[in-house]
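Peer 1: Encoded as structure tokens, here's the structure I'll be asking about.
The values are calculated or read from the model by the stated rules, or taken from the named source; none is laboratory data. Keep in mind that this is a model prediction, so the values were computed, not measured. Virtual Cβ from ideal backbone geometry, glycine too; neighbours counted across all protein chains shown.
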Amino acid sequence: MRPVAQLFSADLEGITAHLVTVEADLNVGLHSFTIVGLADKAVSEAKERVNSALKNSGIRPPTRENRRITVNLAPADVRKSGSRFDLAIALAYLLASEQLKPFDTAAYLFAGELALDGSLRPVPGVLALALLAEARGIPNVVVPGDNAAEAAVVRAVRVIPVSTLEALIRHLEGSRPIEPAPPTEVAASFPRSCATLDQIHGLHAAKRALIVAAAGAHNVLLSGPPGTGKTMLAQAFASLLPPPTLPETLEITQIWSAAGLTNREPLIAARPFRSPHHSTSSVAVLGGGTIPRPGEISLAHRGVLFLDELPEFHRDVLEGLRQPLEDGLITVARAKQSLVFPARFTLIAAMNPCPCGYFEDPDRECRCTAHEVLRYQRKISGPLLDRIDMHLDVPRTPIEELRAHEHTGSTETDRARAVIATARNRQLERFRGLPEPVFANSELRSHLVDTLIELTPAAETLVKQTLEHAFLSPRGYYRTLKVAQTIADLDGAPNVDAPHLAEAFQYRVRIGS
């Protein structure tokens with residue numbers, strides 16, 4: 001009696017991978033090819049792709065076997081989806097039918113979609129599969145050639161790039177070995193942005209605030225009349241962010257790979273900038289679906305989420321931002337499973353002060369009633385506003401400033417990037433040795449704020465005076481301290497002083513209050 005053939009593959013659960021054992025068994029009886037193990041339609045159709053790929057690779061296909069072929073995907077109680085099991089199913093059949101020499105199956109993890117001619121097509125989520133192989137001690141990962149560079153980011157495993165099923169069979173039998181893919185080098189870069197600080201004339205206070213926000217990854221709300229440059233400021237903000245570190249790059253790439261958005265790029269080496277339209281559904285923004293996928297807030301992880309016309313977004317979308325803004329993740333709960341997606345982004349939101357956009361504008365008359373203005377501004381709830389660190393008014397720039405052109409030796413963007421990078425390095429030094437990874441001041445929990453942020457006596461006095469005359473929630477108090485620490489980092493000060501706190505308190509004054 002032939003033994004049951006067993007190989008390893010993997011499936012995605014959110015953005016992480018879990019091991020799947022592919023088993024194949026042949027029995028005497030009328031021909032049938034059955035795939036069991038809670039497989040979806042794409043997995044069930046693998047038998048047709050496998051049959052054609054084997055036939056066109058010169059191998060006896062299952063349709064010529066007068067036997068019952070059963071393929072089981074274990075664990076059987078976990079739903080399987082996608083086409084990444086094709087390669088493992090084909091090899092399991094070849095082992096069960098003794099058309100492939102036995103090899104150490106425990107040393108390999110297979111993933112790949114088979115074309116009808118026997119070639120391999122790329123599949124999403126390969127980085128998560130390689131990380132799973134590293135964690136499980138599986139030394140070899142076999143993937144399509146177009147996925148090899150992405151998987152080779154994980155240096156602890158050997159990545160075997162495969163172009164055809166026939167080439168893989170020869171490799172496994174030892175007749176024509178395939179060279180492992182070389183390790184992928186990580187070269188982080190600045191995001192490609194549509195605007196920079198140099199292209200924005202005037203608005204010096206807003207530019208200063210964006211530098212503070214970029215240095216500490218703080219959330220910002222921009223408010224002002226139409227056409228004052230709010231969208232350009234948001235795009236310029238993305239150009240200020242420093243390149244991601246290696247751990248951040250891996251986090252970003254793992255999310256984008258699971259969503260199938262890497263476009264064959266081995267790594268997402270720049271911080272993402274996501275700008276969904278205000279008509280976007282809550283599932284698209286927050287994540288979810290029948291097979292839960294990361295939403296826009298997760299695709300913006302370690303980057304920027306820009307919400308233009310903030311009050312126009314659906315109420316459930318805006319209120320759904322509360323958890324990710326506070327915790328840096330979102331929990332998508334469904335009847336059968338609950339998944340957690342990372343969502344540590346910097347929110348840049350823009351809005352008009354009223355429906356017509358000219359409330360309190362010195363040059364244009366507002367046509368909205370007081371009730372319309374209040375109703376429009378109340379679309380953004382207090383708890384959401386409390387989670388936004390910096391509130392900025394963006395006034396109209398005078399014509400004289402728009403026509404003024406300054407030429408200096410170094411650009412404004414380059415100078416800003418330099419001071420932001422220095423401030424970020426100071427923060428990373430301060431966070432060294434913490435039990436959990438922290439990359440910017442905005443990520444500090446309240447107990448870490450009490451431990452790491454030190455105030456001068458003058459700053460302590462200013463805090464007491466300010467709290468006596470202005471209401472701040474505990475959340476607002478800690479967020480103000482984190483902004484003040486970022487301003488101190490930009491100034492190179494060892495402790496937070498009164499001027500740093502005064503500027504931070506200025507940013508907490510809410511628009512419309």
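Peer 1: Across region 467-494, what is the number of residues that are within 21 Å of VAL419 (Cβ to Cβ) and surrounded by fewer than 16 Cβ atoms within 10 Å (Cβ to Cβ)?
Peer 2: Total meeting the criteria: 4.
Peer 1: Would you point out which residue out of VAL36, VAL43, VAL71 is within 19 Å of PRO122 (Cα to Cα) and among the hydrophobic types (A, V, I, L, M, F, W, C)? Break it down into steps so the answer makes sense when it comes.
Peer 2: Working: VAL36 fails: within 19 Å of PRO122 (Cα to Cα); VAL71 fails: within 19 Å of PRO122 (Cα to Cα).
Matching residue, one of VAL36, VAL43, VAL71: VAL43.
Peer 1: On to the next question. Hey, which of the helices (runs of 4 or more DSSP H) in region 407-513, taking only ones fully inside, have at least 3 residues that are outside the structural domain of HIS204 (by TED's automatic domain parsing) and of a type in the set (Ser, Thr, Tyr)?
Peer 2: 474-491
Peer 1: Now for a different question. For region 495-508, how many residues are surrounded by fewer than 19 Cβ atoms within 10 Å (Cβ to Cβ) and over 17 Å from ASP389 (Cα atoms)?
Peer 2: Total meeting the criteria: 3.
Peer 1: To continue, here is another question. Could you list, in sequence order, all residues of region 93-113 that are within 17 Å of VAL50 (Cβ to Cβ), free of Cβ contacts under 8 Å to residues at least 60 places away in the same chain and under 36 Å from the mean Cα position of the chain (by Cα)?
Peer 2: GLY112
Peer 1: So, in region 237-264, how many residues would count as being free of Cβ contacts under 8 Å to residues at least 60 places away in the same chain and of a type outside the set (A, V, I, L, M, F, W, C)?
Peer 2: 3
Peer 1: Out of everything in region 287-304 that is touching a helix residue (DSSP H, G or I) at 6+ places or on another chain (Cβ under 6 Å) and among the aliphatic types (A, V, I, L, M), what residue ends up being surrounded by the most Cβ atoms within 10 Å (Cβ to Cβ)?
Peer 2: ILE297
Peer 1: Can you name the condition, by its number, that ARG508 falls short on among (1) more than 25 Å from VAL373 (Cα to Cα); (2) at pLDDT below 90; (3) among the charged types (D, E, K, R)?
Peer 2: (1)
Peer 1: Still on this structure, I have one more. Keeping to region 24-44, report how many residues are among the aliphatic types (A, V, I, L, M) and in contact with a helix residue (DSSP H, G or I) (Cβ under 7 Å, 6 or more places away or on another chain). Break it down into steps so the answer makes sense when it comes.
Peer 2: Step one: filter region 24-44 for residues among the aliphatic types (A, V, I, L, M), giving 24, 26, 28, 30, 35-36, 38-39, 42-43.
Going one step further and asking which of them are in contact with a helix residue (DSSP H, G or I) (Cβ under 7 Å, 6 or more places away or on another chain), we end up with 24, 26, 35.
Matching residues across region 24-44 total 3.
Peer 1: Also: Name every residue in region 274-321 that is free of Cβ contacts under 8 Å to residues at least 60 places away in the same chain and among the aromatic types (Phe, Trp, Tyr), in order of residue number.
Peer 2: Listed by number, the list holds a single entry, PHE313.
Peer 1: Go through region 165-198 and give me each residue that's modelled with pLDDT of 90 or more, in a loop (DSSP other than H, G, I, E, B) and in contact with a strand residue (DSSP E or B) (Cβ under 7 Å, 6 or more places away or on another chain).
Peer 2: The answer is ILE178, PRO180, ALA181.
Peer 1: Moving on. If you take just the helices (runs of 4 or more DSSP H) that sit entirely in region 237-310, which of them hold at least 2 residues that are of a type in the set (Gly, Ala, Ser)?
Peer 2: Details: elements: 246-258, 282-286, 296-299.
Those helices (runs of 4 or more DSSP H) span 246-258, 282-286.
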